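Below is one structure, written out as structure tokens; the observations come after it.
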Amino acid sequence: MPFVNEILAYRSVSIAGLEKNTGKTESLNYVLNRLKTMNTCIALTSIGVDGEKTDQITRSPKPEITVYEGMIFVTSEKHYLERKIISEILDVSQERTALGRLITARAKIQGKVILSGPSGTAEIWKLIENMQQYGVNTVIVDGALSRLSFASPAVTDALILATGASLSANIPQLVSKTNFVKQLIELPLVEDELAKRLQELKQGIWGIDETGRIHDLEISSVFLLDKTDKDIFRFGNRIFIPGAITDKLIAFLLTQNKKVELIVSDFSRIFCSQNHFSSFLKRGNTLKCILQSKLIAITVNPVSPNGFTLNRDRLLAEMQETLKVPVYDIKSEICS
């Protein structure tokens with residue numbers, strides 16, 4: 001998978017799965033196995049718990065995580081003590097997590113680890129910043145199921161997305177669902193100067209006039225939109241909302257009979273359904289963001305948890321044609 005070389009162009013890369021059993025951990029292991037041959041320093045952590053032999057919910061077997069000599073990893077005290085590897089401790093955090101303090105260590109030999117790093121995006125960002133002192137070129141963040149906030153461009157620079165038959169056993173539906181997430185990740189950016197000013201706004205609802213001036217609409221939350229008697233378009237049809245974008249918000253905007261340019265912080269703030277998203281755009285509205293992640297590649301697992309296997313060649317062909325980004329069958333790559 002040639003995208004592995006591109007990983008090193010970024011300070012931080014997240015690996016996110018759209019559903020359980022989409023091959024996220026296999027993708028991580030493939031990447032680490034390739035990176036071990038390159039003359040660079042890699043660090044890795046997780047925003048959930050990954051690398052356990054057995055899924056704690058389904059009790060099904062899970063792939064373990066292998067790290068290689070020279071790689072740095074960050075995990076909790078609990079899971080550091082359970083490591084199957086010789087390593088050198090570089091740092092012990094002052095803050096505690098539910099699983100103890102965070103241990104930063106360097107692998108002295110190849111071995112298995114369980115990753116359980118910071119639980120929040122702010123902590124992940126701080127960890128990435130701290131890795132510079134150890135000469136780390138790229139930090140890889142393994143993500144938790146259905147939690148894409150850690151993959152926000154405000155946290156990590158680039159993203160690898162894992163999808164597969166466990167998300168849908170119907171190829172057209174699987175392609176459609178995956179393409180929806182890709183559309184969100186690749187929302188068009190607003191102009192740079194405006195983006196810089198909007199980044200400072202963390203809450204509320206804001207209008208942007210024809211000159212680019214930003215106005216406080218004096219509505220503290222999107223949940224109050226349908227209760228206000230104020231005209232939210234009094235400064236124009238460009239609206240910035242730094243908080244969550246939900247179906248309720250989209251439905252409200254669709255009732256306004258105006259062509260709206262809705263600006264969001266980044267794709268991780270969008271929680272609306274695919275149907276509402278499509279309806280919003282079909283009405284002539286636009287959705288833009290102030291920060292954008294680089295989608296490096298998509299990996300796909302054609303095998304579902306119940307053993308059903310999608311037609312690999314058809315799946316890859318339809319994914320590639322629709323998504324227009326590199327798509328790789330992770331299972332075939334690991335076995336080849």
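Within region 231-238, not a single residue is in contact with a Ser or Thr (Cβ under 6 Å, 6 or more places away or on another chain), buried (at least 19 other Cβ atoms within 10 Å of the Cβ) and closer than 27 Å to Leu295 by Cα.
Applying the criterion of being farther than 18 Å from Ile140 by Cα and β-branched (Val, Ile, Thr) to the residues of region 75-88, the residue that is surrounded by the fewest Cβ atoms within 10 Å (Cβ to Cβ) is Ile86. Of the conditions (1) out of contact with any strand residue (DSSP E or B) (no Cβ under 8 Å at 6 or more places or on another chain); (2) more than 30 Å from Gln203 (Cα to Cα); (3) of a type outside the set (Ser, Thr, Tyr); (4) in contact (Cβ under 8 Å) with a residue 40 or more places away in the chain, Ile298 satisfies every one except a single condition; which number is it? Going through (1) out of contact with any strand residue (DSSP E or B) (no Cβ under 8 Å at 6 or more places or on another chain); (2) more than 30 Å from Gln203 (Cα to Cα); (3) of a type outside the set (Ser, Thr, Tyr); (4) in contact (Cβ under 8 Å) with a residue 40 or more places away in the chain one by one, Ile298 breaks only (1).
Asp91 meets each of the listed conditions (1) loosely packed, with under 15 Cβ neighbours inside 10 Å; (2) not in a loop (DSSP other than H, G, I, E, B) apart from (1). Within region 192-221, the residues that satisfy the criterion of being in contact (Cβ under 8 Å) with a residue 12 or more places away in the chain, part of a loop (DSSP other than H, G, I, E, B) and acidic (Asp, Glu) are Asp209, Glu210, Glu218. One residue stands out in region 226-270 among those that are small (Gly, Ala, Ser) and over 23 Å from the mean Cα position of the chain (by Cα): the one that is farthest from Glu186 (Cα to Cα), namely Gly236. Every listed requirement among (1) in contact (Cβ under 8 Å) with a residue 40 or more places away in the chain; (2) of a type outside the set (Val, Ile, Thr); (3) touching an Asp or Glu at 6+ places or on another chain (Cβ under 8 Å); (4) in a strand (DSSP E or B) is met by Ala105 save one, (1).
For region 62-86, a residue qualifies if it is farther than 14 Å from Leu44 by Cα and over 25 Å from the mean Cα position of the chain (by Cα), and the qualifying residues are Glu77, Lys78, Leu81, Glu82, Arg83, Lys84, Ile85, Ile86.
Note on region 301-336: residues that are charged (D, E, K, R), exposed (fewer than 13 other Cβ atoms within 10 Å of the Cβ) and free of Cβ contacts under 8 Å to residues at least 60 places away in the same chain total 3.
Whenever a residue of region 48-77 is within 23 Å of Glu123 (Cα to Cα), its partners that are part of a strand (DSSP E or B) and at pLDDT below 90, lying with C-beta atoms within less than 9 angstrom and at least six residues away or across chains, give the pairs Ile65/Asp50; Ser76/Val49; Ser76/Thr97; Glu77/Arg96; Glu77/Thr97.
The values are calculated or read from the model by the stated rules, or taken from the named source; none is laboratory data. The shown structure was predicted, so the numbers you read here are calculated from the model rather than taken from an experiment. Cβ atoms come from the backbone with ideal geometry, glycine included; neighbour counts cover every protein chain shown.
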